[in-house]
Every structure is written in structure tokens, then in C-alpha cells.
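Step one of this worksheet: look at the structure below.
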Amino acid sequence: MVFAWILMIASALKKQLRQRFNDRIRFDEPMSRHTYFKVGGPADAWIAAVDENDLAFLMPLLHGNGLPFLILGGGTNLLVKDGGVQGVVIAMTGRLTEISTIDAATVCAMAGAKLNALCRYAIEKGLSGMNFAMGIPGTVGGAIRMNAGTVIGAIGSVLASIRVIGLDGESRRVPASLLRFGYRRMTVTDAAHVDLNDCAIVDGHFILAPGVPETLAAEADMLLKKRKAAQPVHLASAGCFFKNPEDGEPAGKLIDLAGLKGLKVGGG
Ligand SMILES: Cc1cc2nc3c(=O)[nH]c(=O)nc-3n(C[C@H](O)[C@H](O)[C@H](O)COP(=O)(O)OP(=O)(O)OC[C@H]3O[C@@H](n4cnc5c(N)ncnc54)[C@H](O)[C@@H]3O)c2cc1C
């Protein structure tokens, strides 16, 4: 009896979602189509959100129906199990991929924009500060959430603020002063009144410095060449897999020193 009731709610919700999203919703969507690793079982539903209205509609609806959600960036740092994802995966597309200039030093990048597109945009506008991220795959939203970076910089050092949409569907701008950046992670202070696990990052404002486009482009090319020489960028992966210790040698070097580089267990 209870089971039948749950099914009825689910099909009503499915109908509601289909009506709103039409061909932008897929049920039982294999996550292997959306992860860089090309692995991962089905998500109950996958939805391409095209603007903030979609997010403001979705978040309270899913919350109200007790459905978990996962915001998907470029899927470059996600390892999804064969059992798939329970709930709804939300992809950022359409207007959620735009990049614009706010003032002489500030760029607004929507969460679904490719991080590399933001780097190129900054170069074209003669703005310096984003080159550290050149070659990191994925989206601006994923990069903010992960505080993506390299040895020469990280997102946290150029971020002025982020905008998020929470479970209530309301949008809030959170200044960088209320954000905390650690090694490949970002948290918020209590004063922000935001739970990062319960919201979608919609955009980031980046404060950059004046630079010369030609010089920035040359530096970007050099960084890309270096990356291509060091990483198998054409192969399915999630980048560096091991967490670096806070202090001391990076994980890769420690693995190398322990004589474990190249060690394989099983096939593949
Ligand atoms: C070849 C390769 C090289 C890499 N090199 C680097 C590197 O040099 N430096 C580095 O830091 N990383 C590197 N990575 C890891 C990865 O690219 C970064 O962590 C990247 O920032 C993840 O972005 P994404 O959009 O793919 O996020 P995803 O993998 O899609 O998601 C990562 C996390 O962020 C969350 N998320 C994504 N978007 C949003 C949003 N809008 N709102 C809320 N949460 C969101 C997801 O739910 C998930 O928890 C590399 C990966 C690969 C495959």
C-alpha cells in the first residue's frame, strides 16, 4: 500500500519534470556519458538546466519530494559507481555557460562555463590572473567547488564572490571573505548561512589585474605544452588521483620514491 503511494508520487513528479524540461530530461541516463573517466551507472534522472529559473524551479521541487541531487560540472573529478546516482543529476548548460565583463577588473563566469574558456576570455580582455588554471579541464562551478589550482595558483586567490541557489530556490551572493579555501576544497563560514552541499553554485566573480594579451597568451601556451608533456590528457582519467599531504613532497613523488610508480593490480 505504502509502496503504491510512493510510486504514484514518483510518476506525478516525473510528469511534472517532463512537462517543464521536455527533451532536456533523460531518465536512467548512464553517467558514463558524463564523466571524464567514462564510467558510472545510471542516474535516476539527468536534467540540462539552461538558466537560473530552471535551478530556482528544480531545487525546491526536488527538496520537497525528498529527492537527492548532484550538480554536474564537466565530470572531470567524478568517479561514479556502477550502481549509478540515486536522484537527479543537474547539468549547467545554455545561459549558465556565459562569461561577461562587470568592470575593468572583474569578470563574471557562469558555473557551466568551461574553465579554459574563462582563461581564454581573460587573455583576450588583457586581464591577468587566470593563467594558472590553463589546461585544467572542467567547468567554473566545479573549479570553484574544488578550489582547483596548480603550483602557480588556485581559484580562491582570484575569486571575489560566488552566487548560489539553495533548496528554497532563492539566490544569494556570498563574498569571498565568507569563503575558506583549502587544498582542493572550499568551505563557507557560518556567517554565510549557506550549506554548500545543499546548493548550486551559479556563478563566480573573478578579480583580475591588467595584463598584455600577447604576453598572457605566450605564457598560456607554455603552460599548456608543459601539461601535455606531463599528463596523458587524451586518456580517460580524473587527473591526479592521490591527495597531496599539506606539507612536504607531493603524493606523486612519494609514490615514485616508494618504488610504486607503474604498479598495477588486476587488468585494464
Ligand atoms: C586530465 C586531468 C587533469 C586535471 N588537472 C587538474 C589540476 O591541475 N588541478 C586541479 O585542481 N584539478 C585538476 N583536475 C581535476 C578536475 O579537473 C578539477 O577538480 C575540476 O575543477 C573539476 O571540475 P568539473 O567541472 O569537472 O567538476 P565535476 O567533476 O563535475 O564535479 C566536481 C565536484 O564539484 C561539484 N560541482 C560541480 N559544479 C558545481 C556547481 N555549479 N555547484 C555546486 N557544485 C558543483 C560536483 O557536484 C562535484 O562534487 C584534472 C582532471 C583531469 C581529468
Reach of Lys226 by Cα under 18 Å, taken over lysines that are not fewer than 8 positions away in the same chain: Lys253
The Cα radius of gyration of segment 128-169, divided by 2.2 N^0.38 Å with N its residue count, comes to 1.29
Of Val194, Asn147, Tyr36, which is farthest towards the positive pole of the chain's charge dipole, taken about the Cα centre with +1 and -1 on the beta-carbons of Lys, Arg and Asp, Glu respectively? Tyr36
If you average the sequence gap of Cα pairs under 8 Å that are 6 or more apart and divide by the length of the chain, what percent do you get for the contact order? 17 percent
What percent do you get for the relative contact order of segment 145-268 when only Cα pairs under 8 Å and 6+ apart count? 20 percent
Ordered by packing density, taken as the mean number of other Cβ atoms within 10 Å over each peptide's residues, highest first, how do 36-42, 251-257 rank? 36-42, 251-257
Would you mind telling me the antiparallel percentage of the DSSP bridges in the chain, rounded to 5? 75 percent
Longest principal axis of the chain (C-alpha) makes with the long axis of helix 2-21 (C-alpha) an angle, in degrees to the nearest 10, of 60 degrees
Potential lengthening between Leu224 and Tyr183 on full extension [0.36 nm per residue; Cα-Cα distance subtracted]: 12.6 nm
Mean Cβ-within-10 Å packing, highest first, puts peptides 142-148, 128-134 in the order 142-148, 128-134
What is the helix-to-structure angle for 115-124, meaning the angle in degrees between its Cα long axis and the longest Cα principal axis of the chain, kept from 0 to 90 and rounded to the nearest 10? 50 degrees
Log entry: pair-distance distribution for the chain, C-alpha pairs binned every 10 Å from zero, whole % per bin is 6, 26, 33, 23, 10, 2, 0
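Mind checking the full-extension length gain between Ser100 and Gln231? Use 0.36 nm per residue of separation minus the Cα-Cα distance, one decimal, nm.
44.1 nm
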Plugging the Kirkwood radius over Cα pairs into Stokes-Einstein for segment 98-228, at a temperature of 37 °C and a viscosity of 0.692 mPa s, what D comes out in µm²/s? 222 µm²/s
Euclidean distance between Cα centres, segment 195-254 to segment 14-85, Å: 26 Å
Using only the alpha carbons of segment 2-94, determine the length spanned along each of the three principal axes and report them from longest to shortest in whole angstroms. 37, 31, 21
Qualifying aspartates and glutamates (Cα of each under 13 Å from Cα of Lys225; at least 8 residues distant if same chain): none
What does the highest-first list of 196-203, 105-112, 150-157 look like by mean Cβ count within 10 Å? 105-112, 196-203, 150-157
Straight-line reach from Lys14: which aspartates and glutamates have Cα under 17 Å away, leaving out those fewer than 8 places along the same chain? Asp23, Asp28, Glu29, Asp44, Asp54
Taking the Cα centre of segment 2-94 as origin and charging only Cβ (+1 Lys, Arg; -1 Asp, Glu), how large is the dipole, in debye to the nearest 20? 180 debye
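None of the figures in this text is laboratory data; all of them are computed from the coordinates on show. The model shown is predicted, which means the values in this text are computed figures rather than measured ones. No Cβ is skipped: glycine too gets one built from the backbone with ideal geometry, and neighbour counts run over all protein chains shown.
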